[in-house]
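Working notes for the structure below.
Bear in mind these aren't lab numbers, they're just calculated from the coordinates by the rules spelled out. What you are looking at is a predicted structure, and each value in this text was computed from that prediction instead of being measured. Virtual Cβ from ideal backbone geometry, glycine too; neighbours counted across all protein chains shown.
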Ligand SMILES: [Fe+2]
Ligand SMILES: [Fe+2]
């Protein structure tokens, strides 16, 4: 098994702005066991959005949702845990070379799978994560955490979250995901420098 991802020194892999927050110790107390878990640490190798791993994304969503839970009087422990596990689906939805070497490439199976629209990652991964967290953390199972994870992609899930924790995580997740997207300038540069555009512009004589 690859050992590139695992490190007991969890704090080295958490953004300083989170560690310095006055509520950090409370949040860390709720989630330390998850962060030290071998399967969860593999999410450092799972790409999420542009230049960010599922590990980093999940920590940000968990911590920001946990802070929001204090403002909106939701259950902080459930919010921290569900936020951290909301994308704990058992596969990667994006390719990375590191995942080729991890456990025989088993996490890449969905990258190559062909699905109809409603079987695609965006529609199915909440449900998959809600099952997967129980497999790895049965002692954490409760209906509020399960529901928040399952419905975090609302309105794609059609059925909304049943509790405040779920609504907070769903909103924070969307806000973070927008933030993690590349800037329009980055996308424009990528397109401009892509092989096909370079060839086409050369062919028609544009510099
Ligand atoms: Fe998600
Ligand atoms: Fe997410």
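How much mean residue ellipticity at 222 nm does the chain get from its helices, if each DSSP H run of length 4 or more adds -39500 (n - 2.57) and you divide by all residues, to the nearest 500 deg cm²/dmol? Before the final figure, lay out the partial values.
Details: 12 runs with 117 residues, N = 207.
Per the formula, -16500 deg cm²/dmol.
Taking 7 Å along the Cα-to-C-beta vector as the label spot, tell me the residue 178-residue 162 distance in nanometres, rounded to one decimal.
2.9
Could the peptides 51-60, 111-120, 152-161, 96-105 be put in order, highest first, of the mean number of other beta-carbon atoms found within 10 Å of their residues? Don't skip to the end; give the middle numbers.
On the way: 51-60: 20.1, 111-120: 10.0, 152-161: 16.3, 96-105: 13.9.
Peptide ranking by packing, descending: 51-60, 152-161, 96-105, 111-120.
Modelling each spin label as a point 7 Å along the Cα-to-Cβ direction, I'd like the residue 101/residue 16 distance in nm, to one decimal.
Going by the 7 Å Cα→Cβ label model, 2.9 nm.
Take the alpha carbon gyration tensor of region 10-181, find the square roots of its eigenvalues, order them as a ≥ b ≥ c, and report rounded if a/c is under 1.5; if not, report prolate when a/b exceeds b/c, else oblate. Present the calculation step by step, with values, prior to reporting the outcome.
Values: a/c = 1.61, a/b = 1.22, b/c = 1.31.
In terms of gyration-tensor shape, oblate.
Any idea how far the Cα center of region 62-89 sits from the one of region 1-49, in Å?
Distance between centres, Cα-based: 15 Å.
Rounded to the nearest 10 degrees, what's the angle between the helix 24-35 long axis and the longest principal axis of the chain, both from Cα atoms, 0 to 90?
Result, in degrees: 70.
To test your reading of the geometry: what angle, between 0 and 90 degrees and rounded to tens, separates the Cα axis of helix 121-136 from the longest principal axis of the chain?
Approximately 40 degrees, to the nearest ten.
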